[in-house]
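The next block holds one structure in the form of structure tokens; read it before the comments.
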Amino acid sequence: AQRVTQPEKLLSVFKGAPVELKCNYSYSGSPELFWYVQYSRQRLQLLLRHISRESIKGFTADLNKGETSFHLKKPFAQEEDSAMYYCALSGNTGKLIFGQGTTLQVKP
Amino acid sequence: EPEVTQTPSHQVTQMGQEVILRCVPISNHLYFYWYRQILGQKVEFLVSFYNNEISEKSEIFDDQFSVERPDGSNFTLKIRSTKLEDSAMYFCASSDKEGPYEQYFGPGTRLTVT
């Protein structure tokens with residue numbers, strides 16, 4: 001079965017603290033993994049994807065095929081990082097399969 | 001920067017009525033998608049569309065749903081006879097490449113079926 005699991009509905013941290021948003025996936029084949037973000041009153045937008053190996057806004061994500069995970073990390077959270085974060089995977093067809101989403105709340 | 005637009009932002013309809021949700025994808029994009037998100041649930045894929053044909057559809061996308069690109073700019077999702085459980089946020093997305101590449105999302109249309 002194709003599935004993305006984000007175990008935490010809400011993650012609350014203080015500004016400056018490290019952040020890790022968890023994502024596990026189930027897929028037969030080699031999917032592409034993404035993190036999309038939705039800031040308050042804004043549209044879903046791509047934060048980063050595995051294949052580009054970029055660091056965007058200080059966030060990184062490493063694909064661990066053994067653990068089938070794609071956790072999103074940032075060493076020092078900022079208040080402006082508060083948003084809803086969705087992990088998603090895609091196969092060859094382009095269809096995105098999303099996780100439930102994790103709300104990140106960064107407190108001052 | 002070009003963006004995907006969707007109209008209306010909120011649509012209220014009565015059960016059994018037909019609704020058409022409209023999307024204008026980014027102009028040079030060729031691959032189009034509809035997703036929906038029922039309140040409190042995950043974003044779910046409905047259908048993908050390329051070259052005036054459905055490329056892939058989910059189990060949710062039954063005979064009550066149809067998609068169309070009536071002209072060079074619009075991409076529409078029609079629900080023929082709405083049910084209460086069709087109440088959701090509907091997102092349109094587009095991409096300039098086929099496969100696992102970035103999709104650009106619209107702001108969504110909130111459909112409320114009463």
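Within the stretch A:39-56, the residues that satisfy the criterion of being in contact with a strand residue (DSSP E or B) (Cβ under 9 Å, 6 or more places away or on another chain) and either of a type in the set (Gly, Ala, Ser) or in contact (Cβ under 8 Å) with a residue 60 or more places away in the chain (or both) are A:Ser40, A:Ser55. Among the residues of the stretch B:1-39, those that are of a type in the set (S, T, N, Q) and out of contact with any strand residue (DSSP E or B) (no Cβ under 6 Å at 6 or more places or on another chain) comprise B:Ser9, B:Gln14, B:Gln17, B:Ser27, B:Asn28.
No other residue among B:Ser81, B:Ser58, B:Ser9 is out of contact with any Ser or Thr (no Cβ under 9 Å at 6 or more places or on another chain) and touching a residue at least 60 places away in the same chain (Cβ under 8 Å) apart from B:Ser81.
Check A:Val4, A:Val13, A:Val19 and return the single one that is crowded, with 17+ Cβ neighbours inside 10 Å, touching a residue at least 40 places away in the same chain (Cβ under 8 Å), within 14 Å of chain B (Cβ to nearest Cβ) and among the β-branched types (Val, Ile, Thr). Steps first, please.
On the way: A:Val13 fails: within 14 Å of chain B (Cβ to nearest Cβ); A:Val19 fails: within 14 Å of chain B (Cβ to nearest Cβ).
None of the others qualify; the one that does is A:Val4.
Within the stretch A:57-90, restricting attention to residues that are buried (at least 18 other Cβ atoms within 10 Å of the Cβ) and touching a residue at least 60 places away in the same chain (Cβ under 8 Å), the residue that is farthest from the other protein chains (Cβ to nearest Cβ) is A:Ala77. In summary, strands (runs of 3 or more DSSP E) completely within the stretch B:9-114 and bearing 2 or more residues that are surrounded by 13 or more Cβ atoms within 10 Å (Cβ to Cβ) and of a type in the set (S, T, N, Q) occur at B:10-13, B:88-95, B:109-113.
Would you mention how many residues in the stretch A:22-38 are without any contact (Cβ under 8 Å) to a residue 40 or more places away in the chain and in contact with a strand residue (DSSP E or B) (Cβ under 9 Å, 6 or more places away or on another chain)?
First, the residues of the stretch A:22-38 that are without any contact (Cβ under 8 Å) to a residue 40 or more places away in the chain: A:28, A:30.
With the extra rule that they be in contact with a strand residue (DSSP E or B) (Cβ under 9 Å, 6 or more places away or on another chain), the set shrinks to none.
Going through the stretch A:22-38 one residue at a time, the tally reaches 0.
Every condition in (1) surrounded by 13 or more Cβ atoms within 10 Å (Cβ to Cβ); (2) at pLDDT below 95; (3) not small (Gly, Ala, Ser) holds for A:Gln42 except the one numbered (1). Looking across B:Ser95, B:Ser81, B:Ser55, B:Ser9, one residue alone is within 14 Å of another protein chain (Cβ to nearest Cβ), touching a Gly at 6+ places or on another chain (Cβ under 7 Å) and of a type outside the set (Asp, Glu). It is B:Ser95.
The values are calculated or read from the model by the stated rules, or taken from the named source; none is laboratory data. Quantities reported herein were computed from a predicted structural model and do not represent experimental measurements. In this analysis, Cβ positions are derived from the backbone assuming ideal geometry, glycine residues included, and neighbour counts consider all displayed protein chains.
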